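What follows is one structure encoded as structure tokens, with my remarks underneath.
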Amino acid sequence: MPRRGLGARCRPYLAAVLGLVCLIQGIFIAERQYLSDDLAAAFGAASPGCGGSEARPARIVDGATAVGNATASPSPRPGVTGVNELDTLNNELQSRNSEIEALKRSRNNELDILNSEIDALKRDATEKQEAHAEAVKEYAASIDTLNSELESSNSNLEGGGTAGWRPAGSDGWREQWAHAYSSLGVRSTGPDDGLVLSGADSLRDETLAGLASMERRYEEADALPDFRARGLGWVEDRLGMVLAVVVVGGSGKDAAPRPDGDGGRVSVYVVDVVGNRTRCGPGDGGPATHPPLTMWVRASPAADASGAASGPSGSGEASAEMFAGTALPHEFGNGDPRCAWRYDFEPRTAGAYSVHVKLLTYNGFADFDPERCNANVQGLRRVPGVDGDGIEPLEEANRRRVAELAIRNNWTHTRGVSGFKMYSPNDACCEACTRARGCRAWTTPGSRHYDNCQLFFDRVEDDLDFADGRTGHYLGRGRSYTFTKQTFGYVERRRRLQERRLAVAPDDIKKPWGPDMFKNAAHGTSRSESTAYFLGCGWSSLMSFESPCHDPSDDMVHGSGVRVQVGSPPPPGPAPPGEERPEGAERRPCTLEDERVSNSFAGRWVQYPFPDDETCSALVQDRKTKADFRDFRAEYLDDEPPLCWHRDDISRHANTCVEPGCQWVLNHRWKTSLRKQDRWYGRWEQYGCNVMDVSTADLQKCVDERRISKIEVRGASIAEILDGYMIQRTHGIKFVKEGGNTLTAILDTLKFPHLLWHNSVARQRSLFEDDAQFPPVPPTVEHYWVSGFYITSEREPHTHVDRSLQFTRLAEEILGERGYRPINVLGPTAAFAYDTDGQADGLHISGPPAKVAVQKFFHHLCRDVLA
């Protein structure tokens, strides 16, 4: 056999190798369906001899077929083709490996990102836990402080010391209210300590029993949180105090007469009958250690069986007097640490007086920073995946928003707040969260129908306002009552409650609720700062629906309604404290100095016998004067004596509603015998000076001589009340033609309620100091401004009596230097704050107090002409 060359001998082996390579490549081609498009395209660029992307690979039956095919293929360059194909295959394998490594690196990068996010979530959770721990410490601080008082009380009593408890805001509270009474020389101590303490001890058992009975009444209605949200329940729960009224002076079974009589002075004391948790004295600061608790006090003519005020009648002689204001801190001189407050009055008319004390605010002068609410307005207008144009899609979107916010921040507990006339939901919901112990954040609206807010807590245990301290259970918002069904037979002083009803539950009536509420949907956080608490049972935007007083007397201190008989008074004719005047001496005309804040309560209401028909026309509703007046206003004729203008029918005031839903408040208001007086005639009389009554003829003379071209009344809703009386008194007056030497007179309310509602003290100070807002008064203008009213409600957050006093004082300080003249009605409005307040809202006080503002305006405007 001829010897074959090297190429001939190697060709079969090369063919076998090539067949094996094609077999492998075929497997790779079959796997292309599992690769990405880019990899498949790259791998498909194999040699045509094995079938690449341009030819479907043939099915390999066996190795021989493949080898035979390969052997039969001609090769122009033996020994080179197989090597090239191996190089190509190796290149393709290296490319695939590179791509696989790239995929691995990409996956690893993704894992690194995920791990980073997990680490960030862990850090965030740790920060939240730490923040929660700090929040728990902050919210528990006040409770720990109060509990420490209980632990140290025994040792303090033995050692004669005090626990040194000084709540935030107490110093400023006392200074502000003491200034309002400074012209009266009110003392913080007195000689009655023995009588007061013995009286408080005798009332201890019945006071505790009365509070326990009230608490059971709430508990039986599954509404224990309502009991602790306001009124006497709040004071007992937060401060550990149980309060009672002790009256010293006068005579009667309910009063403790002074041994020396003390000239007819009567002192109303409000005393903590427990005295083992909150301790007030004596201490270094004396009365400044008292909790900043604002309480309204009124001494009014006691009603006889018919409901009419008692007292003598006679032409020109006072038949009764009425005093009202705020109780100030009292320090016991014998070292007793119990907290006490005192209100003094000195009647100059003999008769029986009835005393009532109601809670209003705690820490009422607390300022606020609206920026700390961190309000973020989102707005809801459409809902992906939810059909419909009504309110249901918006409510569904809002529920999702509330739930997502809770999940994102790991807030495991939320609850709603059903508001009453929340005109500014962001402010109100922020305030609700700031007051609620443990609250972290808020949204508006809430997730449930009729819930204006949603409050967020880390845990259910943090919602302390709804926790039962005895059992540790969460009490919830459910209540087993309705507005119309629950009634009570008797309350203090055995007065039936036929006209009173339980405050409305959240879902009992249809309230304002529409798409517009969702257009300004927002969320924010607690301000985490000291805030004020409204404790009264009056109108409250946050609590009238959510945490109602079940009885309108649940804010009344035990012992209210006590009757005091005053006899043998000093000679008639009020005189300033420390100044004696002979009987019948004429008082000087009041000046603007008498309108200062320090003289706010330097006066009282004096009631006189009702004028007969020969003196005044019939007491009917004024339908002759054109004015948009929404309340009762007695008709006054131009030729009548000015005393006829002071007549009134108190029973016809504040009986109608302007805004939807207020009828529920009207049916739940606290009523006194004053509201039954349909023939009332009285005047506000200052101590030591006289406010003139100006007749129509007097006013025309004043206009002519002072060349008054017009009288303007400026402001908002309260200005409308004053303007109604102003129009009535000036509708027949002929003003002079306006010119260069004429005078414009302005009566301005400064929109006081709106200032209290929206502005911090610093913000309002800057507005008062702004020349653009309050420019200096020119010589051709006399600009009078009316003080804040004595407010007994919370129409909106921060709208309290304390801030009304504070802002009045601020206006006096700044505006007085610019020529603005004050008209002070803080004292006059206090007596009627529960009786002639429009819609029973405790703010828009009409009737006799509003007339005082107009009367004082005419007095100061015309004094130099008519005196």
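The values are calculated or read from the model by the stated rules, or taken from the named source; none is laboratory data. Computed from a prediction, not measured in an experiment: that's the story for all the values here. Ligands, DNA and RNA are stripped out before the accessible areas are found, and what is left, the full protein with its side chains, is counted by its heavy atoms. Shrake-Rupley method; radii C 1.70, N 1.55, O 1.52, S 1.80 Å.
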Original post:
Per Stokes-Einstein, at 4 °C and 1.567 mPa s, what whole-number D in µm² s⁻¹ belongs to the stretch 319-473, with the Kirkwood radius over Cα pairs as the hydrodynamic radius?
Top reply: 65
Subject >> Debye log10 I(q)/I(0) for the stretch 203-279, one point scatterer per Cα, at q = 0.25 Å⁻¹ >> reply: -1.09
Subject >> Accessible area of Glu782 in the full protein assembly, 1.4 Å probe (Å², nearest 10) >> reply: 10
**OP:** Go through Lys421/Lys851; Lys421/Lys751; Lys676/Lys851; Lys671/Lys751 and tell me which ones have a Cα-Cα distance over 26 Å in this structure.
**Re:** Lys421/Lys851; Lys671/Lys751
Subject >> Calculated P(r) tail over 19 Å for the stretch 770-830, as whole % of Cα pairs >> reply: 37
Original post:
Of the beta bridges DSSP finds with both residues in the stretch 711-850, what % are antiparallel, to the nearest 5?
Top reply: 10
**OP:** Provide the per-residue ³J(HN,Hα) series for the stretch 729-743, in order, calculated from phi with Karplus coefficients 6.51, -1.76, 1.60 and θ = phi - 60°, each as a whole number of Hz, with x at glycine and proline positions.
**Re:** 7, 10, 5, x, 7, 9, 7, 6, 5, 5, x, x, 10, 9, 10
**OP:** Could you list which residues have their amide H under 5 Å from that of Phe632, counting only those 5 or more apart in sequence or on another chain, with H placed in the peptide plane?
**Re:** Ala654
Original post:
Just by accessible area at a 1.4 angstrom probe, what is the order of Asp837, Asp119 from largest to smallest?
Top reply: Asp119, Asp837
Original post:
How do Arg821, Arg729 rank by accessible surface area computed with a 1.4 Å probe, from largest to smallest?
Top reply: Arg821, Arg729
Original post:
Separation of the stretch 516-564 and the stretch 349-380 by C-alpha centroid, Å?
Top reply: 8
Original post:
Ordered by residue, what ³J(HN,Hα) values in Hz, to whole numbers, does the stretch 701-713 give under the Karplus form 6.51 cos²θ - 1.76 cosθ + 1.60, where θ = phi - 60° and Gly and Pro are x?
Top reply: 4, 4, 4, 5, 6, 8, 6, 7, 8, 6, 10, 10, 10
Original post:
If one computes the Cα centroid of the stretch 740-774 and of the stretch 662-693, what distance in Å separates the two points?
Top reply: 28
Original post:
Got a sec to turn the phi values of the stretch 543-558 into Karplus ³J(HN,Hα) couplings, 6.51 cos²θ - 1.76 cosθ + 1.60 with θ = phi - 60°, whole Hz, x for Gly and Pro?
Top reply: 10, 4, 9, 7, 9, x, 6, 6, 9, x, 9, 6, 9, 8, 5, 4
Original post:
For the stretch 686-843, what are the per-bin percents of Cα-Cα distances with bins 5 Å wide, up to the bin holding the maximum?
Top reply: 2, 8, 15, 20, 19, 16, 12, 7, 2, 0
**OP:** Please work out the Cα center distance from the stretch 179-241 to the stretch 809-842, rounded to the nearest Å.
**Re:** 28
Original post:
Rounded to the nearest 10 Å², what accessible area does Arg238 show when all protein chains are kept and the probe is 1.4 Å?
Top reply: 40
